[in-house]
Amino acid sequence: MTDLHSFEADSQNPQAAADGGKYVYCIIRSDRQRDFGAIGIGGGQKVETVAFKDLAAVVSDTPIVIYDPTRENVLAHEFVNETVMREHTVIPMSFGTVFRSEEDVTELLRSTYQAFSDVLDKMQDKIEFGLKVLWDRERVVANLERENDEIRRLKDEISRHTASSTYFARMQLGRLIEGALEEMSARYVADVHDALKPVAVASRSNKPIGDRMILNAAFLVDRAQEQTFDERVKETSRRYEELLTFKYSGPWPPYNFVNIKLKLEKAD
């Protein structure tokens with residue numbers, strides 16, 4: 001992941017800010033004016049570029065506001081980036097990145113020109129895919145009970161005795177199953193990464209969401225490898241189709257592989 005130094009755009013003149021704010025979606029390499037159509041956040045604002053040398057910020061007009069991450073707003077932000085990504089390598093900006101003027105956007109490009117150029121070089125023709133893997137816990141446990149001798153022995157012992165006489169056996173069985181589930185989860189996750197690593201440039205694991213998810217990962221893939229990566233995901237999914245569910249999304253801009261820290265200070 002690549003870090004850029006913070007750029008602070010303070011707003012000392014609230015009236016000027018209200019008249020000419022710019023919502024920034026992403027940074028691309030382009031030395032000419034581009035018009036991507038009326039697809040911007042806040043009701044179909046015109047999306048165009050603000051250029052400095054061979055870099056350009058993709059922007060639309062906006063008042064200086066803090067955008068709520070509603071479904072409509074987030075989808076508008078993502079749609080612009082996906083549209084631009086069809087023709088350009090993009091450095092995606094965080095949702096809600098607003099500058100008070102076009103001049104401040106130009107200053108952003110000027111002051112971080114080398115850093116943006118370096119990131120664009122590294123991200124050239126690379127796209128991101130998301131992969132979430134969920135398991136059927138009951139089926140996994142049933143498999144463990146069939147395959148693990150110790151678990152099977154304890155289950156048999158519990159089934160032959162009354163509950164009062166098998167308290168410790170039940171405790172031991174619970175611990176054994178939990179330990180075996182952790183081991184199986186780690187093995188499945190490692191198998192998925194091993195399968196996809198050869199066709200990806202990089203990967204990043206995020207925290208799983210909920211009890212059923214065992215993998216929440218992002219993969220950075222070269223555009224030329226997109227079809228190969230897609231086929232490898234499908235092949236891996238088929239291998240575990242009785243136990244695991246694969247939720248695959250993309251292509252996306254490389255959200256998980258670029259970390260840009262920008263700060264817009266509120267007007268006093």
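The values are calculated or read from the model by the stated rules, or taken from the named source; none is laboratory data. Everything numeric here is computed off the predicted structure, so don't read it as measured data. Every residue, glycine among them, receives a Cβ derived from its backbone with ideal geometry; neighbour counts consider all protein chains shown. Areas reflect the complete protein model, heavy atoms only, side chains present, ligands, DNA and RNA absent. Shrake-Rupley method; radii C 1.70, N 1.55, O 1.52, S 1.80 Å.
Can you report the number of residues in the stretch 49-73 which are surrounded by 15 or more Cβ atoms within 10 Å (Cβ to Cβ) and within 26 Å of Lys122 (Cβ to Cβ)? Reasoning before the result, please.
Pass one, the stretch 49-73, residues surrounded by 15 or more Cβ atoms within 10 Å (Cβ to Cβ): 49-52, 55-62, 64, 67, 73.
Now narrow it down to the ones that are within 26 Å of Lys122 (Cβ to Cβ): 49-52, 55-59.
Of the residues in the stretch 49-73, 9 are surrounded by 15 or more Cβ atoms within 10 Å (Cβ to Cβ) and within 26 Å of Lys122 (Cβ to Cβ).
Just checking, does the stretch 113-120 include any residue being within 30 Å of Ser237 (Cβ to Cβ), at pLDDT 90 or above and open to solvent by less than 40 Å² (accessible area, probe 1.4 Å)?
Here is the first cut: in the stretch 113-120, the ones within 30 Å of Ser237 (Cβ to Cβ) are none.
No, the stretch 113-120 contains no residue that is within 30 Å of Ser237 (Cβ to Cβ), at pLDDT 90 or above and open to solvent by less than 40 Å² (accessible area, probe 1.4 Å).
For the stretch 71-84, state whether one or more residues are in a helix (DSSP H, G or I), without any contact (Cβ under 8 Å) to a residue 40 or more places away in the chain and touching a Phe, Trp or Tyr at 6+ places or on another chain (Cβ under 7 Å).
Scanning the stretch 71-84 turns up at least one residue that is in a helix (DSSP H, G or I), without any contact (Cβ under 8 Å) to a residue 40 or more places away in the chain and touching a Phe, Trp or Tyr at 6+ places or on another chain (Cβ under 7 Å).
Would you check if there is a residue in the stretch 231-243 being open to solvent by less than 50 Å² (accessible area, probe 1.4 Å), of a type in the set (Ser, Thr, Tyr), over 28 Å from Ala142 (Cα atoms) and not in a helix (DSSP H, G or I)? Spell out the reasoning first.
Of all residues in the stretch 231-243, those open to solvent by less than 50 Å² (accessible area, probe 1.4 Å) come to 233, 236-237, 240, 243.
Among the residues that remain, those that are also of a type in the set (Ser, Thr, Tyr) are: 236-237, 240.
Add one more test, that the residue is over 28 Å from Ala142 (Cα atoms), and what stays is none.
No, that holds for no residue.
Among the residues of the stretch 174-186, are any open to solvent by less than 90 Å² (accessible area, probe 1.4 Å) and either at positive phi or modelled with pLDDT of 90 or more (or both)?
In the first step, residues of the stretch 174-186 are kept if they are open to solvent by less than 90 Å² (accessible area, probe 1.4 Å); the result is 174, 176-181, 184-186.
Of the ones still in play, those that are also either at positive phi or modelled with pLDDT of 90 or more (or both) are 186.
Among the residues of the stretch 174-186, at least one is open to solvent by less than 90 Å² (accessible area, probe 1.4 Å) and either at positive phi or modelled with pLDDT of 90 or more (or both), which makes the answer yes.
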